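Since every read-out is calculated from the coordinates, none of them should be taken as a lab result. The shown structure was predicted, so the numbers you read here are calculated from the model rather than taken from an experiment. Please note: Cβ atoms are built from the backbone with ideal geometry, for glycine as well, and neighbour counts cover all protein chains shown.
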């Protein structure tokens, strides 16, 4: 019983230490820009992108667009800079193929982020497309492939009649990049 309690205590201590380290900014993530830091992790075709407020004041992010009164959230302000194992570079933008057209109301994808808090997106390689090459998925090829996420924060872009005050919100504006993730195919 004492051994189980000791192991549980160690697991909680280590887990808490890692969470604390990530929320305060870490070299495994990208460089913080005006309090915002991105961290990209992933295995196979699944990616996880975390936005951490490493600053001392609360901020608000505009990640993209929301459709159908919040039923579909699309982080269109997120892109992936991709270099395949042959050295070919492309920039892929977020695009959810389930919603190829917009036939109604569009709102901003607003995420309040308190100081020292993190917001995480689950993403996949098939949710991005490259306008220049018309590729509708990030194509990992044999060898080392490199991905770096980027986010460009903007003010409110969609001022709807019932949401006019959104234009006064203090949105974080700037451009920040994550660490570079190496995926071996």
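Paramagnetic label reach from residue 99 (point 7 Å along Cα→Cβ; backbone nitrogen cut-off under 16 Å): within the range 145-170, residues 157-160.
Taking the range 86-185 as the region of interest, what is the percent of Cα-Cα pairs per 10 angstrom bin, listed from the shortest bin to the one with the maximum distance? Percent of Cα pairs in each bin: 11, 34, 34, 17, 3, 0. The Rg/Rh ratio for the range 2-184, using Cα coordinates for both the radius of gyration and the Kirkwood hydrodynamic radius, is 1.02.
Multiplying the residue separation of residue 185 and residue 71 by 0.36 nm and removing their Cα-Cα distance gives an extension gain of 37.6 nm. Fewest-first ordering of 116, 134 by other beta carbons within 10 Å of each residue's beta carbon gives 134, 116. With a simple spin-label model that places each label point 7 Å from the Cα along the Cα-to-Cβ direction, the separation between residue 45 and residue 175 comes to 3.0 nm. The order of 78, 111, going from fewest to most other C-beta atoms within 10 Å of their C-beta, is 111, 78.
Put simply, when 30-39, 88-97, 123-132, 163-172 are sorted by average Cβ atoms within 10 angstrom per residue, most first, you get 30-39, 123-132, 88-97, 163-172.
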